[in-house]
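Engineer: Dropping a structure here in structure tokens format, bear with me for questions.
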């Protein structure tokens, strides 16, 4: 008889993958990307599945979708790069873990970013098992920065 409080081997293995450096990129769920793309009409992804460039070292385009690697320092790097690009009047939309106790979250909050908390947990990369953390969409709208409605 299985104890209801014991996680399945599949769930435990999935959590290990998401919290180790071996699994740093997970494909965005198609529906999440499509819904956001309808709204923001993305023209660049600095974190594609098989990059041929370093997204932290290139200029981004006007409307950017960012699902950064899950390693904390890389996430922080992409958030800071996104803020730099936003200050140039570009729109940056992040899909990141919803961790409200982090410096990253509070930095975005102070800048007046829009937060969209996702109900439930996403299944990345076509996985049938949800991520072991909640996710959120964070929007830095270039039009708002350009209109000087938000100053830094």
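Engineer: Using a Förster radius of 22 Å, what is the FRET efficiency between residue 109 and residue 129 based on their Cβ-Cβ separation? Nearest 0.05, please.
Structural biologist: Between residue 109 and residue 129 the formula returns 0.15.
Engineer: Could you check the spin-label model distance between residue 34 and residue 71? Points 7 Å from the Cα along Cα→Cβ, value in nm.
Structural biologist: 3.3 nm
Engineer: Please compute the contact order of segment 9-146 in relative form: average sequence separation of alpha-carbon pairs under 8 Å and at least six residues apart, divided by the residue count, as a percent.
Structural biologist: Relative contact order of segment 9-146: 26 percent.
Engineer: I need to check one value: relative contact order of segment 26-89, counting alpha carbon pairs closer than 8 Å and at least 6 residues apart, in percent. Walk me through the intermediate numbers first.
Structural biologist: Details: 47 pairs, mean separation 19.3, N = 64.
After rounding, I find 30 percent.
Engineer: Just the number, please: percent antiparallel of the DSSP beta bridges in segment 9-146, rounded to the nearest 5.
Structural biologist: Working: 10 of 15 bridges.
Antiparallel: roughly 65 percent of the beta bridges in segment 9-146.
Engineer: Which of the peptides 114-120, 91-97, 67-73 is most tightly packed, and how do the rest follow, going by the mean number of other Cβ atoms within 10 Å of each residue?
Structural biologist: Details: 114-120: 11.1, 91-97: 22.7, 67-73: 16.9.
Top of the packing list down: 91-97, 67-73, 114-120.
Laboratory data are not the source of any read-out in this text; all were calculated from the coordinates shown. Note that the structure is a prediction, hence the values are computed from the model and not measured. FYI the Cβ positions are ideal-geometry reconstructions off the backbone, even for glycines, and counts take in every protein chain you see.
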